[in-house]
Ligand SMILES: Cc1cc2nc3c(=O)[nH]c(=O)nc-3n(C[C@H](O)[C@H](O)[C@H](O)COP(=O)(O)OP(=O)(O)OC[C@H]3O[C@@H](n4cnc5c(N)ncnc54)[C@H](O)[C@@H]3O)c2cc1C
């Protein structure tokens, strides 16, 4: 069998192609013919675990139309991006506000490397127009299907000890509040509102445009290899300091992790797709592995991991930093203070092993730099390690996630706003020094609670 590559391994450990049909997921209508129309289809999130029957969908064609609508609409409104959150931030039987017509590059500043986009633009539709003006986003998350407003509203992040979540690179944003007022906000004009609205959870208003601090267009070389998890954790800080990006995908029921190091390069583009031969060989190996109970799986997974070869690829930054994840899953992610990262990860891996949790998805272990927003997971004066666990969408994630969540709490973890967690206002207040300040701003901007759903009421203790 040909050596496996990291990309094939990660795609296949998701099991989607082998376990058969996944939950059907209906996509949001992305081509609204009119700006307001009754909803005829249920809304589902990406994983299919969340659904709602919104009474209507509103899709403005310009910012003023959005403001007029918010000022006059009755009942509950929820802004929605591309539905890639696992936490029930969006579900409502009220009106979904969809910005699929407020997209694209609106303006840019060459001298300062900033660019302004309609807030409904998907991250994956930003790379090429930015490259055309010799700019690129400073960092990106694992995928690029999210909208700019949706991603920043939950403090979506990538990896890199020197890189903050995407929200922290916002220099200006336009927030349309529930009474229809349009606020152009930045750190000088309204510092507190700016700190709140960069990670606003869709609870302060609808963001219609965002200006990002970018950098000059750059190319990245990504290298991946496999090693013992204990070795990789021992050297993690050193690797994180010496590479632009560094992360791990620790394998469950295994002593190994896949390491990914990514650095700027001038080398020519070399990013070939996986070959069909490699794909077929891997399917066979995985099918054998899956028949073995978790408690007996370690030698097999270790053997498979040791076959994963060293691999390299070079491409434009936005093509290297993001991936395509076709297999649907649910995810829980917490950020723990950096000093607790390795211990927390090791305890999670040990618990999965001790409890013989039948999970094949690797974990994900990343570093995120501190920032000055009110509610990002890494806000404040400490850098954080972000640790994710996943479960395929066709299986009940609750027993696994319920088992692991207290470990995150033990290490001082803060939940990713867009991912599964069970925390309410009391716990969140203890985790975020500026939580009450955010709640006050929310109450001022939305005194009638028109932007609240059940999940947000729980989060804010209302
Ligand atoms: C396969 C996959 C991979 C992922 N990888 C990562 C990763 O690497 N790193 C990471 O941090 N996260 C990751 N996520 C999580 C994801 O980035 C977040 O959940 C993100 O918020 C989803 O963006 P969205 O456009 O789908 O927004 P939605 O999920 O639709 O909405 C998210 C929030 O944004 C609000 N919102 C949307 N649009 C607006 C607007 N115009 N104005 C105000 N509020 C708005 C919504 O009300 C809601 O509160 C991943 C998710 C998936 C499914």
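List of remarks:
- Some residue of the stretch 379-390 being closer than 30 Å to residue 176 by Cβ and either touching a strand residue (DSSP E or B) at 6+ places or on another chain (Cβ under 8 Å) or outside any strand (DSSP E or B) (or both): yes
- Number of positions in the stretch 130-157 that are near the ligand (Cβ under 6 Å from one of its atoms) and assigned to a loop (DSSP other than H, G, I, E, B): 7
- Test: residue 368 is in contact (Cβ under 8 Å) with a residue 40 or more places away in the chain and within 18 Å of residue 256 (Cβ to Cβ): no
- Taking the conditions (1) out of contact with any strand residue (DSSP E or B) (no Cβ under 7 Å at 6 or more places or on another chain); (2) farther than 23 Å from residue 341 by Cα; (3) touching a residue at least 60 places away in the same chain (Cβ under 8 Å) in turn, residue 374 satisfies each one other than (2).
Here is a yes/no grid of residues against (1) surrounded by 23 or more Cβ atoms within 10 Å (Cβ to Cβ); (2) on the phi > 0 side of the Ramachandran plot; (3) within 9 Å of the ligand (Cβ to nearest atom); (4) part of a loop (DSSP other than H, G, I, E, B):
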{"position": "163", "(1), (2), (3), (4)": "no, no, no, yes"}
{"position": "167", "(1), (2), (3), (4)": "yes, no, no, no"}
{"position": "180", "(1), (2), (3), (4)": "no, yes, no, yes"}
{"position": "188", "(1), (2), (3), (4)": "no, no, no, yes"}
{"position": "193", "(1), (2), (3), (4)": "no, no, no, no"}
{"position": "196", "(1), (2), (3), (4)": "yes, no, no, no"}
{"position": "200", "(1), (2), (3), (4)": "yes, no, yes, yes"}
{"position": "207", "(1), (2), (3), (4)": "yes, no, yes, no"}
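- Scan of the stretch 77-104 for residues that are more than 6 Å from the ligand (Cβ to nearest atom) and in contact with a helix residue (DSSP H, G or I) (Cβ under 8 Å, 6 or more places away or on another chain), ordered by number: 77, 87, 88, 91, 97, 102, 103, 104
- Residue match in the stretch 223-244 (condition: in the same structural domain as residue 122 (by TED's automatic domain parsing), in contact with a strand residue (DSSP E or B) (Cβ under 8 Å, 6 or more places away or on another chain), buried (at least 18 other Cβ atoms within 10 Å of the Cβ) and part of a strand (DSSP E or B)): no
- Residue match in the stretch 446-462 (condition: more than 29 Å from residue 325 (Cβ to Cβ) and in a helix (DSSP H, G or I)): yes
- Test for residue 212: is it within 14 Å of the ligand (Cβ to nearest atom) and either crowded, with 24+ Cβ neighbours inside 10 Å or at pLDDT 95 or above (or both): no
Results for (1) within 23 Å of residue 140 (Cα to Cα); (2) more than 16 Å from the ligand (Cβ to nearest atom); (3) surrounded by 22 or more Cβ atoms within 10 Å (Cβ to Cβ), shown as yes or no for each residue.
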site	(1), (2), (3)
298	no, yes, no
303	no, yes, no
328	yes, no, no
363	yes, no, yes
377	yes, no, yes
389	yes, no, yes
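- Per the listing 401, 408, 438, 361, the residue uniquely in contact (Cβ under 8 Å) with a residue 60 or more places away in the chain, farther than 22 Å from residue 45 by Cα and either in the same structural domain as residue 240 (by TED's automatic domain parsing) or within 20 Å of the chain's Cα centre (by Cα) (or both) is 408.
- Checking each residue in the stretch 322-339 for being in contact with a strand residue (DSSP E or B) (Cβ under 7 Å, 6 or more places away or on another chain) and in a helix (DSSP H, G or I) picks out only 338.
- When 418, 424, 449 are screened for being surrounded by fewer than 22 Cβ atoms within 10 Å (Cβ to Cβ), within 15 Å of the ligand (Cβ to nearest atom) and under 28 Å from residue 46 (Cβ atoms), only 449 passes.
- Unique match (being surrounded by fewer than 20 Cβ atoms within 10 Å (Cβ to Cβ) and at pLDDT 95 or above) among 269, 348: 269
The values are calculated or read from the model by the stated rules, or taken from the named source; none is laboratory data. Only a predicted model underlies this, so the values are computations on that prediction, with no experimental measurement involved. Cβ sites come from the backbone with ideal geometry, for glycine too, and all protein chains shown count toward neighbours.
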